Amino acid sequence: MRLESFPGNYETRKHSSFQVYGENVSITVVDVAKKATVSVTTVSRVLNNQPQVSPERRQRVLAAMEELDYKPNQVARDMRRKTAGRKTGQIAMMLINLDDYTMHTAFMMQYIHGVQQEIAEAGQKCIFVTWNDEFGDDTIPQILLDGEIDGVVTKGFPCTEIGKQWLNRYPKIILNPPVAPPDYDCVMVDYEAGIRDCITYLASLGHRRIAFVDMQMFHCKLLGYRRAVDELGLDADEGLIQTRDIIPPLKSESDLDWAIENLWSLSEPPTAILSNDYYCSAIYHALAERGLKVPDDVSIIGYDNAVDHCEALKPKLTSVDIEAVELGRLAAKQLLDRIRKPQGSHRKICTRGKIVERKSVRKL
């Protein structure tokens, strides 16, 4: 993923490969921490002359700094102290602990687009940072250590305690987490409501046997499916639910053959299937192998509206647009509000998306 090529008023940085306030880029606080066998937090406290460090550890850090020739720019540090409380005019969007699949989805770039647009319109700079702390607590981005940002829009979340502590020093908003954390601002898709909208839409076209095919981890989607089926009085056949703990992307188009085989082994197969966009292409393939046509024999509706993907399928795939650009803008706007008004209870903002009709669903 080349964020460098993305247009707009922002910078892309990796925490260990850029110069901060004139500091020596070859030696970082991470190196000092390793040399002194202390945490990055301890090094930062020593650099800022904070009292919560034992004399023995302080001496180890100072000795490591001298041995490694680590020379922070004291003028810049003094400037930051004098301007404490003033804003930097910079916001970070951090992509934290994301797998390759998530990083390369179409809606990830749309999130980035939305965040960047909102920040630029506010006259501020957006700095993008990738961060993976799954393998230790010594990977804290330098931008967090040096305090050169006013807040953070985060997609993903640190897994180490030290990572969480450093992130928690800043106003932040979490963008579309799988589950809403109780103590953080977040903007997220209401998948349960979106799935209920899909089922309601299919039911309005006469479909009563609607199959659900997706990963087990999306409990909120399955909950929305069950509630809609119950509320609308549709066929509540457990055989219509086909889920496995599959990690995308699918290795081949035949990876969902098991789902279609199970569905068509029922005494009465479904008239419609609801899944995510990326699974839908495999579902199309599995149906074609059985000589079944979309939507003549079975209607298909997807979720996420990955436009290039949906438009490439034949027939073109009806899908739920989660409006990822708008979600990114909403997250950035909420963060700017939080920076201006740091006090107050945490807010969870939910959006539900909208159905984009194409050619993969028919009326019975």
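The values are calculated or read from the model by the stated rules, or taken from the named source; none is laboratory data. Every value quoted in this text rests on a predicted model; they were computed, and no experiment measured them. Positions of Cβ are generated from backbone atoms using ideal geometry, with glycine treated the same way; all protein chains shown enter the neighbour counts.
The table that follows gives values for the structure above.
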{"item": "Hits in region 46-76 - residues which are within 15 Å of D146 (Cβ to Cβ), outside any helix (DSSP H, G or I) and modelled with pLDDT of 80 or more", "result": "Y70"}
{"item": "Sole exception among (1) of a type outside the set (D, E, K, R); (2) in contact with a strand residue (DSSP E or B) (Cβ under 8 Å, 6 or more places away or on another chain); (3) assigned to a loop (DSSP other than H, G, I, E, B); (4) over 20 Å from V320 (Cβ atoms) for A180, by number", "result": "(4)"}
{"item": "Unique residue being small (G, A, S), in contact with a Gly (Cβ under 6 Å, 6 or more places away or on another chain) and not in a strand (DSSP E or B) when the list is G163, G114", "result": "G114"}
{"item": "Within region 77-101, tally of residues that are surrounded by 15 or more Cβ atoms within 10 Å (Cβ to Cβ) and modelled with pLDDT under 85", "result": "2"}
{"item": "Lone unmet requirement of (1) surrounded by fewer than 17 Cβ atoms within 10 Å (Cβ to Cβ); (2) touching a residue at least 24 places away in the same chain (Cβ under 8 Å) for A236", "result": "(2)"}
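Rundown of residues vs (1) farther than 25 Å from G114 by Cβ; (2) in contact (Cβ under 8 Å) with a residue 40 or more places away in the chain, yes/no style:
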| site | (1), (2) |
| --- | --- |
| R290 | yes, no |
| V325 | no, yes |
| Q334 | no, yes |
| D337 | no, no |
| P342 | no, yes |
| V361 | yes, yes |
